[in-house]
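Trainee: Got a structure here, written out as structure tokens. Questions coming.
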Amino acid sequence: MPNPPQYALQAPTTTGPAWADWLQLCTGAALLLFMWAHMLLVASVLLGPATMNALAGLLEATGLVQLGGPCIGLLFLVHCVLTARRIPFRQLEQRAIWEHARLLKHRDTWLWLAQVASALVVLVLGVAHMWTVLADLPITAAKSAARVQRWPWTLLYLVLLPMVELHVAIGFYRLGVKWGFISSRRRPLGVKAEKLLLVVCLAIGLLTLLRFLTLSVE
Ligand code: HEM
């Protein structure tokens, strides 16, 4: 019978991992804030295409889209590289983490797995989305609606939206637990906040997609 795999825990010998953790926190928090702002800006189409066009026009006139867009892309990639340190890519690691999750039967371990799985989807679809939008400026409600109505973009948004919202809600909860603002005493409250966040953001996102799907693109 083969020997069971050994997982040796080694104490870090430099401050590198602490810096990487800190940067991971900062990039994660910055992306969380961006995603909430992005959700509200895109949802402005619910107030009418003219409102979305006016907001997009303002952001473009101030250069925020042209400059901020690539910066968000960079932030997104840095965050991916930093978090990839923790993702079990090797089969042996995947088997170990799966066994641990089944053994522990702890909600937070399953949440972590859901966050890793959603991260991989968000990485691929998110990059495709950002590239297409930024390569086709200016942003207008009509152009966005045409894109959302075109297959396979409809499918992309229907998959990307729940994956992003799941990732963001779990990310918010895990940031709170890890950095102490959701203490063990406040854990039930943290779980409720996470669920509420998921439901509200998903509802706003779905309504936005529905509006794009029904908007005339003539
Ligand atoms: C680089 C900055 C970004 C810009 C300028 C941008 C812009 C837009 C625009 C204009 C739309 C409307 C649909 C369309 O035109 O295709 C949209 C929708 C959407 N975007 Fe982005 N986006 C950016 C980054 C991201 C990122 C990083 C994500 C997540 C990984 C994301 C996720 C979504 C989702 C899920 C929708 C669907 C609409 C919703 O339900 O909110 N976007 N975005």
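The values are calculated or read from the model by the stated rules, or taken from the named source; none is laboratory data. Since we're looking at a predicted model, the values are computed, not measured. Cβ atoms come from the backbone with ideal geometry, glycine included; neighbour counts cover every protein chain shown.
Trainee: Looking at GLY126 and the list (1) modelled with pLDDT under 95; (2) assigned to a helix (DSSP H, G or I), which single condition is not satisfied?
Mentor: Looking at each condition in turn, GLY126 falls short on (1).
Trainee: Might you let me know whether region 161-172 holds any residue that is charged (D, E, K, R), on the phi < 0 side of the Ramachandran plot, more than 12 Å from the chain's Cα centre (by Cα) and assigned to a helix (DSSP H, G or I)? Don't jump to the end; show me each part of the working.
Mentor: Within region 161-172, the subset charged (D, E, K, R) is 165.
Then drop every residue that is not on the phi < 0 side of the Ramachandran plot, which leaves 165.
Of the ones still in play, those that are also more than 12 Å from the chain's Cα centre (by Cα) are none.
No, every residue in region 161-172 fails to be charged (D, E, K, R), on the phi < 0 side of the Ramachandran plot, more than 12 Å from the chain's Cα centre (by Cα) and assigned to a helix (DSSP H, G or I).
Trainee: May I pose another question? Which of (1) under 25 Å from GLY171 (Cβ atoms); (2) modelled with pLDDT of 95 or more; (3) near the ligand (Cβ under 10 Å from one of its atoms) does VAL78 not meet, given it meets every other one?
Mentor: (3)
Trainee: List every residue pair whose Cβ atoms lie under 7 Å apart, where the two residues are 6 or more positions apart in sequence or sit on different chains, the first residue falls within region 82-93 and is more than 16 Å from LEU113 (Cβ to Cβ), and the second residue, located anywhere, is modelled with pLDDT under 85.
Mentor: What qualifies is LEU92/PRO5.
Trainee: Same structure, new question: Quick test of your reading of the structure: TRP151 fulfils all but one of (1) of a type in the set (Phe, Trp, Tyr); (2) under 27 Å from ALA84 (Cβ atoms); (3) surrounded by fewer than 16 Cβ atoms within 10 Å (Cβ to Cβ). Name the failing condition by number.
Mentor: Every listed condition holds for TRP151 apart from (2).
Trainee: Among the residues of region 171-181, is any touching a helix residue (DSSP H, G or I) at 6+ places or on another chain (Cβ under 7 Å), at pLDDT below 95 and within 14 Å of the ligand (Cβ to nearest atom)?
Mentor: yes
Trainee: I'm trying to understand the selection: among the residues of region 54-69, which are in contact (Cβ under 8 Å) with a residue 12 or more places away in the chain and within 11 Å of the ligand (Cβ to nearest atom)? Can you show your working first?
Mentor: We begin by selecting, within region 54-69, every residue in contact (Cβ under 8 Å) with a residue 12 or more places away in the chain; these are 55-57, 59-60, 65-66, 69.
If the condition is that a residue be in contact (Cβ under 8 Å) with a residue 12 or more places away in the chain and within 11 Å of the ligand (Cβ to nearest atom), then LEU55, ALA56, LEU59, GLU60, VAL65, GLN66, GLY69 are the ones that fit.
Trainee: Further question on the same structure: With the requirement that a residue be within 7 Å of the ligand (Cβ to nearest atom) and among the aliphatic types (A, V, I, L, M), what does region 32-43 give you?
Mentor: Of everything in region 32-43, those that are within 7 Å of the ligand (Cβ to nearest atom) and among the aliphatic types (A, V, I, L, M) turn out to be MET35, MET39, VAL42, ALA43.
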